[in-house]
Amino acid sequence: MDPNDVISASHYGSCVVYMAPMVPKGGTPKFFKIFESGYDTSTKQWCTTKLIANKGKLDIKIPSKLLAGKYLMRTELIALHGARVEGQTQFFPNCVQLEVTGGGKSVPDGVTFPGYYKSTDPGILYKGGKNGQNYVIPGPAVEFAGK
């Protein structure tokens, strides 16, 4: 596998994962964040760099407190190589359907896409460069952090 099959190595940036309960046809899913990873100061690597090294595999945990049911999972790579200029950040979203089983009882409120991010949000417009200095991962807080 060519490492660039995952995402071009020049496209450094963050990885974000959202989930939303399935909605009837024509409805608008509301996504809550379950995972985020940006620049790791201990390894001096962006999430996308780690993802390339791991051949596209990203291990995340479905929160055990989540209510059983059918969901959409939205994975998102946010490429920052052009982010110094408003409107030049690149987004690579992907959605899959899945079913959650278990005894959880919670479904957090969510946000809608497209439209949640603004081109001037911190972490979308980013002038720090590859060193990750002062990078803020965009979007709402992670729900069920550590659960």
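Ordered by packing density, taken as the mean number of other Cβ atoms within 10 Å over each peptide's residues, highest first, how do 118-126, 135-143 rank? Please list the in-between numbers first.
Details: 118-126: 15.4, 135-143: 17.7.
Result, highest mean first: 135-143, 118-126.
Residue by residue, what Karplus-based ³J(HN,Hα) values in Hz, rounded to whole numbers, does the range 96-102 have, using 6.51, -1.76 and 1.60 with θ = phi - 60° and x for Gly and Pro?
Taking θ as phi minus 60°, the curve returns 9, 9, 8, 10, 9, 10, x Hz for the range 96-102.
The range 30-66 to the range 82-140: how many Å between their Cα centroids?
What the calculation gives is 12 Å, centre to centre.
Quick one: work out the % antiparallel among DSSP beta bridges in the chain, nearest 5.
Details: 28 of 32 bridges.
Antiparallel bridges make up about 90 percent of those DSSP assigns within the chain.
Using the heavy atoms of the protein chains and a 1.4 angstrom probe, tell me the accessible area per residue for the chain in square angstrom.
Working: 8400 Å² over 147 residues.
Value returned for the chain: 57 Å² of accessible area per residue.
Normalised by the empirical 2.2 N^0.38 Å for globular proteins, what value does the Cα Rg of the chain take?
On the way: Rg = 15.7 Å, N = 147, 2.2 N^0.38 = 14.7 Å.
Ratio of Rg to 2.2 N^0.38 Å for the chain: 1.07.
Can you list the cysteines of the chain that have no other Cys Cβ under 4.7 Å away?
C95
Rolling a 1.4 angstrom probe over the protein chains, ignoring ligands and nucleic acids, what is the accessible area of I34 in square angstrom, nearest 10?
Surface accessible to solvent at I34 totals approximately 20 Å².
Could you tell me the ratio Rg/Rh of the range 70-147? Both radii from Cα atoms, Rh via Kirkwood.
Values: Rg = 15.1 Å, Rh = 14.6 Å.
That ratio equals 1.03.
The values are calculated or read from the model by the stated rules, or taken from the named source; none is laboratory data. Owing to the predicted nature of the structure, the values given are computational and were not obtained by experimental measurement. Backbone-built Cβ (ideal geometry, glycine too); neighbour counts: all protein chains shown. Just the protein is used for accessible areas: all its heavy atoms, side chains included, with ligands, DNA and RNA removed. Shrake-Rupley method; radii C 1.70, N 1.55, O 1.52, S 1.80 Å.
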